[in-house]
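All remarks here apply to the structure that follows.
The values are calculated or read from the model by the stated rules, or taken from the named source; none is laboratory data. Computed from a prediction, not measured in an experiment: that's the story for all the values here. Here the Cβ is made from the backbone with ideal geometry for all residues, glycine too, and neighbour counts use every protein chain on show.
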Ligand SMILES: [Zn+2]
């Protein structure tokens, strides 16, 4: 499609001009809002980032634990905010940092610095979950759901072939990932959800910690794309061959499920705290 290619070109241009906030990630609200990209690119106002889509998908499909759903529904905004927070390390996007300070009263850079002191892995899934549980135990339910959203974001990102394979370490424009752009305009998960073929080839392992779904999805991604080569990835859907289309579809559907299962695991964790 010609329009799709034009938009992609503009996105690439914008990303290139906006140094340092991209690569190895699904697109998030940071890209659209803080960069004003919706307007600049002429995208519809209701165009949703891939992170928003994953998070909303989990919120729509969560079914248990039933007694926690009412509370969770009251905190969907916080889960979505966390789901759109790019907290993979430092430096942060200044506008996003400011927004989080204003809305949640925390210094995101301090939180990340604390995580980095403890762990080598900048995504720090176990730390985000510990922060979420800590907030919940202290009665700060709003904060707990925000931190949970950040954890969901990490589980979403590790579902990307480029990220799981650590194919890119540089943030130069020339290293941006075609798969991620193609995904931006091609959300291929059936709504309402209908299983197709072998799309979700694993069952929920029912982990007691939602953070465990990070390494779970990491391994799943490597199984799907063991020798991922971005150089062979087309930029648009109409240029993609069948295996590439399957990979995109599988990574979306499987990541969506790992994310949903993590959310349900987190709600079980919150329920345990409420019991005591
Ligand atoms: Zn990210």
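Listed values, structure above:
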read-out	value
Every pair of residues 6+ apart whose Cβ atoms lie under 8 Å, when the first sits in the range 72-91 and is under 11 Å from residue 55 (Cβ atoms) while the second is part of a loop (DSSP other than H, G, I, E, B) and more than 10 Å from the ligand (Cβ to nearest atom)	84/49
Residue 96 being surrounded by 21 or more Cβ atoms within 10 Å (Cβ to Cβ), under 15 Å from the mean Cα position of the chain (by Cα) and modelled with pLDDT under 95	no
Positions within the range 218-232 being within 18 Å of the chain's Cα centre (by Cα) and free of Cβ contacts under 8 Å to residues at least 12 places away in the same chain, in sequence order	219
Top-ranked residue of the range 235-244 - restricted to ones that are free of Cβ contacts under 8 Å to residues at least 60 places away in the same chain and surrounded by 15 or more Cβ atoms within 10 Å (Cβ to Cβ), ranked as farthest from the chain's Cα centre (by Cα)	240
Verdict on residue 157 being within 13 Å of the ligand (Cβ to nearest atom) and at pLDDT below 95	yes
Matching option when the condition is within 15 Å of the ligand (Cβ to nearest atom) and closer than 19 Å to residue 159 by Cα, among 29, 97, 48	29
Test set (1) within 16 Å of the ligand (Cβ to nearest atom); (2) over 29 Å from residue 231 (Cα atoms) - residue 68 fails condition number	(1)
The listed residue being in a helix (DSSP H, G or I) and within 20 Å of the chain's Cα centre (by Cα), out of 251, 268	251
Options 144, 124, 166; residue that is modelled with pLDDT under 85 and either within 15 Å of the ligand (Cβ to nearest atom) or farther than 19 Å from residue 234 by Cα (or both)	166
Those residues of the range 225-237 which are part of a helix (DSSP H, G or I) and touching a helix residue (DSSP H, G or I) at 6+ places or on another chain (Cβ under 8 Å), in sequence order	230, 237
